[in-house]
Amino acid sequence: MWNKPLILVSLILLFQNRCASTKKPAFIIGGIFHINQDELEAAFKSTIDIINSKNHRLPFTIKDAAIRHDGRNGLQLSHKTCNLLARGVHTIIGPDSYTMSRHVGVICSGKDVPQISTRSYSSNEDYNHFTINLHPHPPKLETLFVELLNYLEWTKFMIIYQNNDDLIKMNQLLSYKSNTHDIKLSQLILDDRMSYRLMLNAIKKSGECHFVVVCDLLTLKRFLQQAQQVGLLTENHHYVVYNFDMSNIDVEPYQYGGCEIISVNVEPYQYGGCEIISVRFFDPSSIEIEDAFNAVDEEMYINYGIETESHTLNLETALVMDAVKLIHTILKERMLPIENQPLYCNDSEAWWHGPSFRNYINVANVKGYTGWIKFDPTGYRTDFEADIIELKSEGLVKIGTWNSSNGLIIERPKKEDPLPEDDSDVKGRKFNVVSVMTRPYGLMKQSATSLYGNERYEGFGIDLIHELSKELGFEYNITSQDDGANGSRDNKTGRWDGMIGKVMYKEADLAIGDLTITSEREQVVDFTLPFMTLGITILYKKAKPVPPSLFMFTSPFSPQVWLLLVVAWIFVSLSLFVMGRLSPSEWQNPYPCIEEPEYLVNQFTFKNSFWFTVGSLMQQGTELAPIGISTRMLAGVWWFFTLIMVSSYTANLAAFLTVTTLNTPFSSIDELAKQEEIKYGAKANGATAFFFKESEKPIYQQVWKYMTNNPDLMVKDNMIGVDRVLNENYAFLMESTSIEYATEKYCTLAKIGDLLDEKGYGIAMRKGSPYRQRFNTALLKLQETGMLTTLRMRWWKEKLIRAPCEEQAPAAAATALDLQNVGGVFLVLGLGTFCGMLMAFLELSMDILRYIKPQNAKYKQQMREEMKFFLEFKKNVKPTRKAGQENQDGGEFPFNINYMENYINENNQNE
Ligand code: GLU
């Protein structure tokens with residue numbers, strides 16, 4: 001790089017300068033550098049050499065006197081500084097550490113010697129009149145960054161800093177934004193392998209996408225390299241870098257369409273498109289700066305044997321060069337007398353021209369490498385200009401400026417949404433899709449080999465996005481919502497978290513999963529048409545069998561039926577007794593050998609009537625056989641009734657004996673809310689919890705109160721809720737589609753009760769997104785072609801890994817027969833009895849008519865007598881009409897009847 005003639009010319013020039021310097025008065029500038037700052041010291045000396053070589057016609061020359069410090073021993077540095085002053089040094093540049101600088105500053109102010117500091121300082125450092133800070137005023141730089149973030153409209157970001165001093169630089173930003181903005185902090189900490197990958201991976205998992213990075217150049221280089229390796233430099237990531245030497249980094253690997261790095265244990269990512277914005281005070285690639293620095297660079301190499309690493313100017317060196325330039329310009333312009341006045345720390349004499357020199361600095365207006373050097377009345381460099389630069393496909397490009405009078409002016413159009421809102425065509429676009437890892441909507445794929453990109457995920461939602469992408473022709477990149485949050489609004493800050501927050505704050509374009517469409521969410525994002533409909537219901541353990549009871553034989557009939565059965569038996573028995581007495585056929589000759597009997601007897605006494613009905617009810621005989629049409633009619637209907645009742649009883653008893661009755665502790669939300677034994681909850685901050693929160697129904701309000709009083713019963717995601725149902729006495733309020741999945745997976749779980757509401761899952765996209773219509777049409781198409789059903793079957797049945805099922809609870813339970821089941825038989829019985837009764841009267845009337853015709857008797861009178869006898873229920877022996885007639889004529893009838901009655905009664909008792 002260095003050719004021999006050039007070295008020769010330089011040596012001649014240096015010789016000339018040194019010779020000239022012997023004749024002319026020399027102004028000695030002291031430089032204090034850290035022991036590691038060889039390069040900086042060489043740059044300081046080289047700048048002076050070059051100035052001397054260029055200005056050999058001036059009546060003075062500049063000399064350098066440099067010393068080193070170790071950053072710790074302030075006393076030693078004070079001693080060395082005193083030695084410098086004793087050598088006639090009248091201005092000191094440096095040092096770079098706050099404590100060391102204070103030691104030097106105290107000595108300098110005592111001797112009226114200006115100290116020019118180039119380090120970045122904090123605004124609360126002590127003010128020293130003779131210490132001039134050439135570094136742009138840090139509070140102004142903070143203002144610059146606040147304006148920049150305001151312009152970028154970041155509301156949520158993370159500050160990644162190297163050490164505490166870096167954090168102090170962000171003071172204004174932190175205090176200004178912390179109330180309204182969500183700011184996280186993360187310190188760059190090296191892991192065991194001396195890399196930042198561990199912490200960068202953690203940052204990646206946090207889902208953060210906007211970062212302000214504050215660190216030194218070396219750390220920044222490593223940070224970018226490793227951020228790229230862990231996948232933090234994709235087009236979803238946005239950086240503002242608080243380091244003014246960003247231009248000195250080779251940014252080619254991070255440019256759009258840059259290289260793809262594949263290395264062991266690191267996933268390959270297609271890099272590019274990542275937004276990186278930074279600030280600089282000069283463009284090291286500009287001809288002016290390049291020429292100036294090349295000269296210094298050459299000088300450093302030739303005279304001091306120092307070869308700079310990047311051969312580009314950095315801010316630290318530029319400020320030292322500017323300090324020298326400033327001193328030289330003032331000396332040149334103000335024609336300050338240059339005298340050799342050694343200064344001693346142990347006397348009170350100060351530099352005669354010190355105060356004037358200090359004042360000249362204050363009013364200086366010098367064009368330096370870092371822009372115009374100007375100071376405000378207090379000596380701070382508040383009036384400066386900076387370039388705003390951004391990483392583009394062609395490298396770092398200036399996109400705007402900042403200065404204290406005009407503030408921030410950005411010339412490039414605002415980095416728009418990756419989705420141009422005026423165009424609804426999604427073909428060829430790339431969407432960032434966030435999906436919650438809730439089974440079966442999204443899950444991490446199990447694989448023996450490493451998977452990358454979208455391959456890592458599977459599930460109903462993932463397949464659905466895939467089908468939509470085939471339909472609409474877009475590309476997508478899936479990221480997971482690891483915290484399982486679908487999205488809820490923080491009531492205090494008003495900020496949204498979860499997938500809804502990601503879409504809203506432009507960290508994702510689409511969100512998919514078990515994302516319920518709610519009115520509150522609809523206000524901040526747009527939803528597609530629902531691709532699945534569902535409602536809230538309860539997940540609980542399947543009902544347990546009840547142990548059989550002693551009186552289980554009564555179970556086949558409901559108590560009502562049993563009661564009616566008894567009533568029917570009494571009613572029919574009484575009817576039989578009545579019909580028996582009315583029907584003439586039932587009065588039989590007790591002695592068939594007597595042709596014309598005087599007395600007739602009836603088999604259907606009160607007791608016999610009841611016995612006959614019991615006998616047939618119990619499927620037994622009684623040797624009593626009805627003779628009259630009416631009694632036979634009644635007996636027939638009663639037998640039919642008993643046939644049906646007994647068959648029904650037998651059939652239902654068999655069901656009760658074979659099917660176990662199940663014990664369901666509750667069957668609806670009302671019952672669940674009213675009991676205390678079984679605990680219940682829902683997914684915290686989910687749509688289910690929100691439903692109860694918003695509902696005005698008293699029972700739902702009671703549920704919400706219970707939920708707020710028992711936050712430990714609310715779970716982070718559905719799987720935890722299902723686990724609790726399996727292992728505790730806990731009921732989980734859940735959405736029906738997810739319940740179906742859980743009950744398919746675990747045979748011991750069941751859905752209890754009806755749906756409490758009706759709603760749907762949709763795909764969320766940014767508010768006002770032009771793509772909604774396209775997605776809706778594609779979803780309808782998938783529905784019409786049956787694809788949605790196929791996907792549902794795939795994830796709810798085919799791909800489901802069922803948990804081992806120990807005992808299968810019986811599916812159905814037997815129920816007691818009630819009136820609704822057997823009411824008809826009772827009706828038939830009632831009708832039959834009624835008909836029988838009519839028939840009994842008919843029989844009686846016929847018999848009377850048959851009798852009165854030859855006797856010429858009166859029907860009415862005969863009927864009256866029959867009725868009279870009928871009502872004498874105790875009499876079971878009836879005189880024949882002829883005998884009755886004789887009796888009326890003065891015969892022995894009453895005596896004989898009594899005898900007969902006694903005889904029959906005795907016989908009945910003996911039976
Ligand atoms: N789908 C619900 C949501 O979008 C989560 C599950 C639930 O709340 O039951 O918030």
List the residue pairs whose Cβ atoms are under 8 Å apart, where the first residue sits in region 668-681 and is assigned to a loop (DSSP other than H, G, I, E, B), the second is loosely packed, with under 15 Cβ neighbours inside 10 Å, and the two are 6 or more positions apart or on different chains. Ser668/Asp754; Glu677/Asn729; Ile678/Asn729
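Every residue, every condition in (1) within 29 Å of Asp38 (Cβ to Cβ); (2) more than 49 Å from the chain's Cα centre (by Cα); (3) at pLDDT below 85, yes or no:
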{"residue": "Tyr256", "(1), (2), (3)": "no, no, yes"}
{"residue": "Ile302", "(1), (2), (3)": "yes, yes, no"}
{"residue": "Leu319", "(1), (2), (3)": "yes, yes, no"}
{"residue": "Leu326", "(1), (2), (3)": "yes, yes, no"}
{"residue": "Leu331", "(1), (2), (3)": "yes, yes, no"}
{"residue": "Met335", "(1), (2), (3)": "no, yes, yes"}
Among the residues of region 480-496, the number that are of a type outside the set (Ser, Thr, Tyr) and surrounded by 18 or more Cβ atoms within 10 Å (Cβ to Cβ) is 7
Does region 646-667 contain any residue that is within 16 Å of the ligand (Cβ to nearest atom), crowded, with 16+ Cβ neighbours inside 10 Å and either under 20 Å from the mean Cα position of the chain (by Cα) or of a type in the set (A, V, I, L, M) (or both)? no
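Which one of Gly459, Gly442 is under 17 Å from the mean Cα position of the chain (by Cα), at positive phi and at pLDDT 90 or above? Give the steps one after another, and end with the answer.
On the way: Gly442 fails: at positive phi.
Only one candidate qualifies: Gly459.
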Among the numbered criteria (1) touching a residue at least 12 places away in the same chain (Cβ under 8 Å); (2) more than 16 Å from the ligand (Cβ to nearest atom), which one does Gly615 miss? (1)
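Starting from residues that are of a type in the set (Phe, Trp, Tyr) and over 15 Å from Val436 (Cβ atoms), keep the ones in region 712-742 and report whichever is nearest to the ligand (Cβ to nearest atom). Even if it seems obvious, please write down each step before you answer.
The first filter runs over region 712-742 and keeps only residues of a type in the set (Phe, Trp, Tyr), leaving 730, 732, 741.
With the extra rule that they be over 15 Å from Val436 (Cβ atoms), the set shrinks to 730, 732.
Working: Tyr730: 15, Phe732: 9 Å.
So the residue we want is Phe732.
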If we scan region 827-848, do we find a residue that is of a type outside the set (A, V, I, L, M) and not in a helix (DSSP H, G or I)? no
Specify the residue that is farthest from the ligand (Cβ to nearest atom); the eligible residues are those in region 453-485 that are out of contact with any Ser or Thr (no Cβ under 7 Å at 6 or more places or on another chain) and in a loop (DSSP other than H, G, I, E, B). Gly473
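Residues are listed down the side, and each one gets a yes or a no for (1) of a type outside the set (Asp, Glu); (2) surrounded by 16 or more Cβ atoms within 10 Å (Cβ to Cβ); (3) touching a residue at least 40 places away in the same chain (Cβ under 8 Å):
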{"position": "Leu782", "(1), (2), (3)": "yes, yes, yes"}
{"position": "Thr785", "(1), (2), (3)": "yes, no, no"}
{"position": "Thr789", "(1), (2), (3)": "yes, no, no"}
{"position": "Glu798", "(1), (2), (3)": "no, no, no"}
{"position": "Pro804", "(1), (2), (3)": "yes, no, no"}
{"position": "Gly832", "(1), (2), (3)": "yes, yes, yes"}
{"position": "Glu843", "(1), (2), (3)": "no, yes, yes"}
Exactly one condition in (1) away from the ligand (no atom under 16 Å from the Cβ); (2) part of a loop (DSSP other than H, G, I, E, B) is false for Leu756; which is it? (1)
Looking only at region 351-403, which residues are within 30 Å of Tyr254 (Cα to Cα), in a loop (DSSP other than H, G, I, E, B) and either of a type outside the set (Ser, Thr, Tyr) or touching a Pro at 6+ places or on another chain (Cβ under 9 Å) (or both)? Thr370, Phe384, Glu394
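Can you find even one residue in region 682-690 that is more than 13 Å from the ligand (Cβ to nearest atom) and either surrounded by 20 or more Cβ atoms within 10 Å (Cβ to Cβ) or in contact (Cβ under 8 Å) with a residue 60 or more places away in the chain (or both)?
Pass one, region 682-690, residues more than 13 Å from the ligand (Cβ to nearest atom): none.
No: zero hits.
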Every residue from region 337-350 that is modelled with pLDDT under 90 and either aliphatic (A, V, I, L, M) or part of a helix (DSSP H, G or I) (or both): Ile338
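Looking at region 101-119 only, could you name the residues that are part of a loop (DSSP other than H, G, I, E, B) and surrounded by fewer than 21 Cβ atoms within 10 Å (Cβ to Cβ)?
So the first thing to find is which residues in region 101-119 are part of a loop (DSSP other than H, G, I, E, B), and the list is 111-114, 118-119.
Asp112, Arg119 - these are the residues of region 101-119 that are part of a loop (DSSP other than H, G, I, E, B) and surrounded by fewer than 21 Cβ atoms within 10 Å (Cβ to Cβ).
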Residues Glu147, Glu125, Glu142: which one is touching a residue at least 12 places away in the same chain (Cβ under 8 Å) and part of a loop (DSSP other than H, G, I, E, B)? Glu125
Scan region 557-570 and report the pairs whose first residue is closer than 17 Å to Leu653 by Cβ and whose second residue is in a helix (DSSP H, G or I) and of a type in the set (Ser, Thr, Tyr), with Cβ atoms within less than 7 Å and a gap of 6+ or a chain change. Phe557/Tyr649; Trp562/Thr554
Please indicate, with yes or no, whether at least one residue in region 14-26 is in contact with a Lys or Arg (Cβ under 8 Å, 6 or more places away or on another chain) and either modelled with pLDDT under 95 or not aliphatic (A, V, I, L, M) (or both). yes
Conditions: (1) over 30 Å from Asp250 (Cβ atoms); (2) among the basic types (Lys, Arg); (3) at pLDDT below 90. Lys414 meets all but one. Number of the miss? (1)
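Quick check on my filter: what residues within region 454-464 are in contact (Cβ under 8 Å) with a residue 60 or more places away in the chain and in contact with a strand residue (DSSP E or B) (Cβ under 9 Å, 6 or more places away or on another chain)?
So the first thing to find is which residues in region 454-464 are in contact (Cβ under 8 Å) with a residue 60 or more places away in the chain, and the list is 459-460, 463-464.
Within region 454-464, Gly459, Phe460, Leu464 qualify.
Residue check: is Thr528 within 16 Å of the ligand (Cβ to nearest atom), of a type in the set (Val, Ile, Thr) and under 16 Å from Leu779 (Cα atoms)?
Working: within 16 Å of the ligand (Cβ to nearest atom): yes; of a type in the set (Val, Ile, Thr): yes; under 16 Å from Leu779 (Cα atoms): yes.
Spelling it out, Thr528 is indeed within 16 Å of the ligand (Cβ to nearest atom), of a type in the set (Val, Ile, Thr) and under 16 Å from Leu779 (Cα atoms).
Taking the options Glu744, Glu806, Glu735, name whichever one is among the charged types (D, E, K, R) and modelled with pLDDT of 95 or more.
None of the other options fit; the residue is Glu735.
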Given the condition among the polar types (S, T, N, Q) and on the phi > 0 side of the Ramachandran plot, answer yes or no: does some residue in region 597-607 qualify? no
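Hey, could you check region 671-681 for residues that are over 21 Å from Thr518 (Cα atoms) and surrounded by 14 or more Cβ atoms within 10 Å (Cβ to Cβ) and say which is nearest to the ligand (Cβ to nearest atom)? I'd like the intermediate steps shown before the answer.
Taking region 671-681 as the starting set, the residues that turn out to be over 21 Å from Thr518 (Cα atoms) are 671-680.
Filter once more, so that each one left must be surrounded by 14 or more Cβ atoms within 10 Å (Cβ to Cβ): 671-673, 678-680.
Values: Glu671: 20, Leu672: 16, Ala673: 17, Ile678: 18, Lys679: 17, Tyr680: 13 Å.
The selected residue is Tyr680.
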Restricting to region 492-510, count the residues that are of a type in the set (A, V, I, L, M) and near the ligand (Cβ under 10 Å from one of its atoms). 2
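Anything in region 759-793 that is among the small types (Gly, Ala, Ser) and either within 29 Å of Tyr505 (Cα to Cα) or part of a helix (DSSP H, G or I) (or both)? List them, or say none. Step through it out loud before you land on a result.
First, the residues of region 759-793 that are among the small types (Gly, Ala, Ser): 760, 762, 764, 768-769, 778, 786.
The answer is Gly760, Gly762, Ala764, Gly768, Ser769, Ala778.
The values are calculated or read from the model by the stated rules, or taken from the named source; none is laboratory data. Bear in mind the structure is a predicted one, so any value in this text is a computation, not a measurement. Cβ coordinates were reconstructed from backbone atoms using ideal geometry, including for glycine residues, and neighbour counts include every protein chain displayed.
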